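Before any comments, here is the structure.
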Amino acid sequence: MIKNLLVILAFAAFIFFYVRYIEKRSLYIPYREIERTPDSVGLEFEDLMIKASDGVLVNSWWIPAAPEAETVFFFHGNGGNLSHRLEKILFFHKLGLNVFIIDYRGYGKSTGSPSENGLYLDATAGYDHLTRQLKIREASIILYGESLGSAVAIDLASKKNVGAIITEGAFTNVKDMARAVYPVMPSFFLGSKFDSLAKISGINVPKLMIHSRNDEIIPYALGKKLFDAAGEPKYLLLVEGGHNECFYISEDKIREKIIQFIKEP
């Protein structure tokens, strides 16, 4: 009896640590090398190191457009680092928008190791730098989050004053994602939540949610579920293409909608 119990406990412990290992490997795919900087595409920028409340140093880029322009606070997805987002940075800059982008802890030149709470601390540090050091008005800040970055943007919008939020390829929470990707994985062993579904209804600023019908990584059904839970004002833009390609495949459509979204009263 005791032997059988020990076997069961050992197996449960193995499953627990295996799930946590798969969870971290799936959620965070950091890349250390900074491959390019904004000046390689003709943009002036400041390379900044910001200290989060727990002492972690967060690398960020400030790419100004015009003093009175709105500012896109950019949260990238779970792979690569900020240097792999130059095309999108240039996209927003061409719309006349300032861009501020951070690398999460453990990504690029940022110190530390990624975790859910750590990413939230990084976002708060970036927000504080924007509003206190760069003197950006809260109402002029547009949060933009892609994939995992959508969860970071939604969390920040639930705590801080901003003007609007744009998400691309957002999901409801980690448990729903786990059920979609790993149907047999015991989700109660998961350590992360990234529970955007529980937060979205409390965000009252305008929301634009972009999602591809063909998203092979984050099912459109999860994006739609999150959109349905959000309060007004909200807008859903359906695009085409895979998870990592849809922005570029549907760039003209996205540009038109974002311009309209920003001009909405």
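Results, tabulated for the structure shown:
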quantity: Helix 116-128 vs. the chain, principal-axis angle (Cα, 0 to 90°, nearest 10); calculated: 20
quantity: Cα→Cβ-extended label distance, 7 Å offset, between TYR220 and LYS159, nm; calculated: 3.4
quantity: Contact order normalised by residue count of the stretch 2-263, Cα under 8 Å, 6+ apart, percent; calculated: 14
quantity: Where the Cα pairs of the stretch 212-265 fall when distances are cut into 10 Å bins, in %; calculated: 23, 47, 29, 1
quantity: Fluctuation leader among SER60, SER250, SER196 - the chain, Gaussian network, Cα springs under 10 angstrom; calculated: SER250
quantity: Over the stretch 90-137: Kirkwood hydrodynamic radius from C-alpha pairwise inverse distances, Å; calculated: 12.0
quantity: Residue order, fewest to most surrounding Cβ atoms within 10 angstrom, among ILE249, ILE50; calculated: ILE249, ILE50
quantity: Crossing angle, helix 148-157 versus the chain [Cα axis fit, 0-90 degrees, rounded to tens]; calculated: 70
quantity: Residues whose placed amide H lies under 5 Å from that of PHE75, excluding near-sequence neighbours; calculated: TYR144, GLY145, GLU146
quantity: Kirkwood Rh and Cα Rg combined as Rg over Rh, evaluated for the stretch 2-263; calculated: 0.99
quantity: In nm, spacing of pseudo-spin labels at SER40 and LYS263 (7 Å Cα→C-beta vector); calculated: 3.5
quantity: Filter on LYS159/LYS253; LYS51/LYS224; LYS51/LYS225; LYS160/LYS263; LYS199/LYS234 - keep pairs with C-alpha separation over 25 Å; calculated: LYS159/LYS253; LYS51/LYS224; LYS51/LYS225
quantity: Sum of -39500 (n - 2.57) over DSSP H runs of 4+, divided by residues of the chain (222 nm, nearest 500); calculated: -11000 deg cm²/dmol
quantity: Ranked GLU68, GLU146, criterion: other C-beta atoms within 10 Å, fewest first; calculated: GLU68, GLU146
quantity: Nearest 10 degrees, 0 to 90: helix 2-27 Cα axis against the chain principal axis; calculated: 10
quantity: Fewest-first sequence of GLU264, GLU245 by Cβ atoms within 10 Å of each Cβ; calculated: GLU264, GLU245
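Bear in mind that the values in this text are calculations on the coordinates, not laboratory data. Remember, it's a predicted structure, so these values are computed and weren't measured experimentally. In this analysis, Cβ positions are derived from the backbone assuming ideal geometry, glycine residues included, and neighbour counts consider all displayed protein chains.
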